[in-house]
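Throughout, read-outs are computed from the coordinates displayed, never taken from laboratory work. Since the model is a prediction, treat every value here as computed from it, not as a measurement. Every residue, glycine as well, gets a Cβ built from its backbone with ideal geometry; the counts of neighbours run over all protein chains shown.
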Amino acid sequence: TSLDIICAPLTVGLIEQKFSVKFNEVEDSAMTVDDLGEPVMKEQFVTVTVIGEEVPIYVAEETMDLKCTLYDRIYRKKITLKNRAKQAYKVSITVAAAYAKYVEVNPTILFVQAKSSQNVNVKFTPAVDMLSKVGYFTCPYEAYTDAALTVIPVEIRVAGQDLPVFFMVRSSVCPSTVELSSSSLEFGRVYVGQQSSKTITLCNRSMLPQKVAFVRLKKEFSVKPNDGFAVLLPNESMDFEIFFSPISAINYEVDITLITSLNDSYVLKVIAEGVDPPLEFSSSVIRMRTTSPGERVVESVLVTNKTSHSQCFEVVSPNSRFTWLKVSPAVVQLEPGKSGRLEFEYCAPENAFDLDPNIWHEETTKTGNEIMNESPFDEWISELGWVVGKGMYGELQWFKPPPQHIRRKNAVTESDIGEVMDNMSKSDESQETLSLGNDVNNKGNDNYAVTDSTTTGTEESLGELSFEEWGVIGKWALPIILKSKKKSLSSTAILNTTSTSASTARGQTVPAPLFITIQTAVNLPQIEADIKSIDFGQISVGTRILKSFKIINRNFQPILLKSVGLNAIGPFTLLRPIKVIGSRDTFTVIVECLPLSPGLIVEVLEISAVDESLMGHRLRVTLRVQGLKPSISLEKLSPPPPNWSSTCGILDFGNCLMLDNNITKKFTIHNKSTFTIDASIIRVVSNNLSPGQQADFIERTASGLPIFSFRPERLQILQGTSAEIEVIFRPDRGRFLPFREDLDIFIGKTDEVYRVGVLGRAWSRQYFVTPGDPRDEPFTYSIFKGIASVEDTLLVHSSAVIRTAAKEAR
């Protein structure tokens, strides 16, 4: 009996293999021998040896690895056949018929020259049916749909070489499909100017990541997030919101194209209808400026009834305890063509920074009536300091760093704040101690510092955060429900209807709601003032008072500021214009108060950034003053002429001899006001003239001194007190005409003037004649009838001699 042994060496060199042969009917004790005389044993061993030599034709890379390939794509690669012999060989390459559809080789017959190489082109075209037709050569991936590892052998026959050469085509084959949750979207009826959204889910069924994008969108459509651009990892799903905002009342049938980075495209059919809204809003999106805790912000929108019949609507908003947002009025009745104004007020609580969002949400929900305080959030997610609440009315994003990572105001850079405070105190030592400095230094309970310097895991990624990182952002979509004339559904029931319409059990159609979007943001203020109000108190009209306050910039970049709110003709004026305040710097604002009319005046100075994108906060400082009209009386004076005010008077020196000593008389100004007043006395003849011109109009003695002089010219009179004014008469010459001069007394900068007429007559002789009745004196009171001077009065005297003398004197 003979046995064939087939040897196919895989290595070069000596190969040895032992075989064991067992005979069933042989006993070792029989001591039988074979033909050669050798004893026959029950088990015998046969050793086979062979020396393996290298084949002349071989493949440089036995496995052609194409990595990951996609169905219905063509992939090409070259393999290299090498000849290590000293003669040429004829080579033929055969692809099995079972997978010839997927693998092609060119050329199939070729010669490889001695000690040379030859390239062969291999084309691989995977298809999804290969998983069933050549399943023996595939291994499916359980985690992916229609994906498998494929290894296909290709045989190479060499003339004169019994052992064929093989190479493997290896690849992970998969589809490039992006699966859409829906092939079409129907938005129904949407009001012009409003916005409706639908969600579509994309799932990447490929083993390769793909970039996807919604392209060639019409202006009525938009996609979020990232404007419809995204990267999908293998087996990853992502939701996209497609927004439709019609600009005209027409039917829309639009194809939205989705393309991928693997050269696939998908068409999404969109059907919608634009409808003219019954109400028109001046703005459908209200962006509240960024505020700080306790700061009140009010925005308004104008609503117009565009229909031919009366419209009643209600603005539905969640509980203000959750949104910090109030709407007024909530229900409005508008006649055809009429307009009304909706006012939205947003005010975060003053202790918002100290609130824990999770505890706040839980306590707010449990407090009071459960129905009234029902949370508007369907989802409440808290992770790593971020809290996100989402619900039917919108969403709230609240970020508060964990306490161990917070550094508060004096911990931002404590040395910087100390330096700022030193500069503030040195700038004006005469001013009051700043409350801001006291707040920063004394608020020990509110100052946090990082106590744990060794953190691990997710805490380490947070690092040390500044207190400025805190913030709360809200985006609310408030539905506006149109009330039907007949008894309709409740607001809650209407909100649960579709965007087209809803029908009650009675068959009544409910109009679709309109929506108005409110965006809010609150964080800690970037600029602060040491005071929030300045009370100038009760001051006299015309009295000027200066006060100041300081602004500190807590931001790490300079801010260009602007100020509004002060009346151009009001009592308050900024002496230093508010411009740029540097990083971590202070700015002193000087306010001048000069009331020109009596009464209580309150104005609000509003300071904000020129670029609101850098800072939306507005710093408000209330300025208050009560202007009081001063009340005085003149004493020790003779009664005034009939054509003068009763508050005026005459200081009459009477008849005097020339060359006498200076004659002095006094009158008193009594302050009957409840505050201090400033008074100034000027000569009427030189009013509104320059000092050089005043000297030319003052009547003087031969020695150059004024005939009449007085002191003091300026004085301050305390409340309830009096001040004496001394008037000196120097008659150095006698004359028939009396000397006269008028003095005006101004209190502060009021319009009211108190006039004192000073009169004296000088005689050259000791004996003179006067009328028995003073009323017969032609010079005493007739000169006070509004004429400027004595000489002007005498020009109309009945005596020709006196008229001639007055004319010469003039």
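Tell me, what is the Rg over Rh of the stretch 152-225, with Rh the Kirkwood radius over Cα pairs? Don't skip to the end; give the middle numbers.
Details: Rg = 25.2 Å, Rh = 17.9 Å.
On the Cα set of the stretch 152-225, Rg over Rh gives 1.41.
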Distance from the stretch 710-743 to the stretch 56-79 (C-alpha centre basis), Å: 120 Å
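If I take every Cα pair under 8 Å that is 6 or more residues apart in the stretch 264-338, average their sequence separation and divide by the length, what percent do I get for the relative contact order?
Numbers: 69 pairs, mean separation 22.1, N = 75.
Computed value for the stretch 264-338: 29 percent relative contact order.
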Going by amide H atoms built from the backbone, whose H comes under 5 Å of the H on Phe653, apart from near neighbours? Leu759, Gly760
A student asked for the Cα radius of gyration and Dmax of the stretch 202-305 in angstrom ought to give 19.3, 56
I want the local charge near His670. Using Cβ-Cβ distances under 12 Å, sum +1 for each Lys or Arg and -1 for each Asp or Glu among the other residues. 0
Using alpha carbons only, how many angstrom separate the centre of the stretch 622-665 from the centre of the stretch 241-271? 90 Å
Distance check, please: which entries in Lys218/Lys306; Lys306/Lys366; Lys532/Lys579 exceed 31 angstrom between their Cα atoms? Lys306/Lys366
What is the spin-label model distance, in nm, from Asp227 to Ser20 if the labels are put 7 Å beyond Cα along the C-beta direction? 7.7 nm
Explain nothing, just compute: Karplus ³J(HN,Hα) = 6.51 cos²θ - 1.76 cosθ + 1.60, θ = phi - 60°, for every residue of the stretch 722-737 in order, whole Hz, x for Gly and Pro. 10, 9, 9, 10, 9, 10, 10, 10, 10, x, 8, 8, x, 7, 5, 8
Return the long-range amide H neighbours of Gly394 (sequence gap of 5 or more, or a different chain), with a cut-off of under 5 Å between placed amide H atoms. Ala477
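Based on the Kirkwood radius over alpha-carbon pairs, what is the Stokes-Einstein translational diffusion coefficient of the stretch 522-617 at 25 °C with 0.890 mPa s viscosity, in µm²/s?
Details: Rh = 14.5 Å.
Estimated diffusion coefficient is 169 µm²/s.
One-quarter of the Cα convex hull surface for the stretch 601-660, in nm²? Display every interim value, and only then the final one.
Working: hull surface 41.5 nm².
Hull-based average projected area comes out at 10.4 nm².
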I want to verify the translational diffusion coefficient of the stretch 270-310 in µm²/s; compute it with Stokes-Einstein, Rh as the Kirkwood radius over Cα pairs, at 37 °C and 0.692 mPa s. 242 µm²/s
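What number of lysine-lysine pairs in the stretch 75-131 show an alpha-carbon separation below 17 angstrom, given a sequence spacing of 8 or more or placement on distinct chains? Walk me through the intermediate numbers first.
Details: Lys77/Lys101; Lys77/Lys123; Lys78/Lys123; Lys82/Lys90; Lys82/Lys115; Lys86/Lys115; Lys90/Lys115; Lys101/Lys123.
The number of close lysine pairs in the stretch 75-131 is 8.
Compare the peptides 215-226, 469-480 by average per-residue count of other Cβ atoms within 10 angstrom and give them in order, highest first. Could the numbers behind the result be given before it?
Working: 215-226: 13.7, 469-480: 18.8.
The densest-packed peptide leads the list: 469-480, 215-226.
Average the reciprocal distances over every distinct pair of alpha-carbons in the stretch 44-126, invert the result, and give the Kirkwood radius in Å. Intermediate results must be reported in sequence, preceding the final value.
Working: mean 1/r = 0.0662 Å⁻¹.
Evaluated over the stretch 44-126, this radius sits at 15.1 Å.
Given R₀ = 60 Å, FRET efficiency for Leu705-Thr588 by Cβ-Cβ distance, to 0.05? Write down the numbers at each step before the final one.
Values: r = 48 Å, r/R0 = 0.81.
Once rounded, the FRET efficiency stands at 0.80.
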Just the Cα atoms of the stretch 71-228, one point each, no solvent: what log10 I(q)/I(0) does Debye give at q = 0.21 Å⁻¹? -1.28
Using alpha carbon centroids, what distance separates the stretch 86-116 and the stretch 168-224, in Å? 45 Å
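Using Cα pairs closer than 8 Å and at least 6 residues apart in sequence, work out the relative contact order for the stretch 23-122, in percent. Walk me through the intermediate numbers first.
On the way: 128 pairs, mean separation 23.7, N = 100.
RCO, the stretch 23-122: 24 percent.
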Towards the positive end of the charge dipole of the stretch 246-395, with charges on Cβ (+1 Lys, Arg; -1 Asp, Glu), say which of Gly294, Gly394, Leu268 has the farthest Cα. Gly294
Out of residues 5 or more away from Glu528 or on other chains, whose amide H comes under 5 Å of its own, with H placed 1.01 Å from N in the peptide plane? Ile552, Arg554
Explain nothing, just the number: dipole magnitude of the stretch 658-721 about its Cα centre with +1 on each Lys and Arg Cβ and -1 on each Asp and Glu Cβ, in debye rounded to the nearest 20. 220 debye
